[in-house]
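The values are calculated or read from the model by the stated rules, or taken from the named source; none is laboratory data. Worth saying up front: this structure is predicted, and the values here are computed from it rather than measured. Neighbour counts run over all protein chains shown; Cβ positions are idealised from the backbone, glycine included.
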Ligand code: MN
Ligand code: MN
């Protein structure tokens, strides 16, 4: 090596493809870990399903419901479920909580179509569900794909009916129709964002009228659908008023690519970080600082409400940890927060060569290059950003470098092209040090998103190392 080459090697921050430097053993670990993730995705597509499956995994690993414990001591593992849509988990560390917590937070909700409160109608012999989209979607992507129906209907007597239709091979699926190209002349002239109206995202669910031609009632197709629902679930139309039903892609999560390096699936934003942070917590023993994992709801629509990160439910959980470890005293919660460190585990826009012009190559995150940190998010002059302090970034870098984990630090797109946000600012607001730290995704928010298995495993290793500082 020439002197200049050596100097360059020493001074440049060279971007390396993670696959090129992964050992055979590491590659095996990556593929095996990804298989578990694919199974996790195929068992849960909604926040309620993810929360339920996460609790099951936690229980298998010795976690107990915090409401069933009177006191907590070092090494104890507990979880708290917030209205079936969010879960907070903790392993009590050897240090006092007073010294701060190591927290990783991800979100289980993903963009989708929710049913309206009065969803069912019939039009010209076809029955439909009306929807209201949830989160940032490109509406045209949600037509002409197989869709499934997930959710709950709660009756006034308190009975809760769980619904999941379209995942089992024996189930029917559903779809939203689009116009044939032959008659789409006007539609094709529209701007892409106006090509499909929100009010036209109506799910086609039936076409057989009730009875026969002698049956003299109006809306026979709707009646037939309600009759089927009544026989199967014991519900009537009014019960939709107290339901939460989500329409999600019926696609299975699959290995992708001839080299099997990637994963294609619905809802990887942010179920990929849910899985990585949850399994990281399951794989540590006796942490020094108390380790907390949270899987929250409503991130895609602003984190509001009592299951979103803005809610004080999380503070209540930490107060309960303080009460049950006998550490609580006035102002203790605030003190704990100011000494806590947090990774806001959320996905980042991966660099897409087909749409290279929205990224700035030096500050984009690349599939296969490992865990990705966003020092800040926001848009237009960093507006609305939670900007991680350089001191904290250095601390995280040290953990990653000491553990030989490949990482990249990027921005979400070119300056003034767009932007985004996560839950990071909410925790930073409580006084914690926070940085966004997740996995690059292609086609983010589309019905089928793409990630790299290497980056997924890199996230798992990062989160595990973070819990152990
Ligand atoms: Mn996200
Ligand atoms: Mn998102």
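Of the residues contained in segment 96-118, none is found to be surrounded by 18 or more Cβ atoms within 10 Å (Cβ to Cβ), more than 27 Å from the chain's Cα centre (by Cα), part of a strand (DSSP E or B) and in the same structural domain as residue 242 (by TED's automatic domain parsing). None of 210, 266, 233 is within 16 Å of ligand 2 (Cβ to nearest atom) and modelled with pLDDT of 95 or more except 266. One residue alone among 136, 151 is within 16 Å of ligand 2 (Cβ to nearest atom) and either within 17 Å of residue 47 (Cβ to Cβ) or surrounded by 16 or more Cβ atoms within 10 Å (Cβ to Cβ) (or both), and that residue is 136. Just one of (1) in a helix (DSSP H, G or I); (2) within 16 Å of ligand 1 (Cβ to nearest atom) fails for residue 310. It is (1). When segment 324-355 is limited to residues that are more than 28 Å from residue 108 (Cα to Cα) and in contact (Cβ under 8 Å) with a residue 12 or more places away in the chain, the one that is farthest from ligand 1 (Cβ to nearest atom) turns out to be 326.
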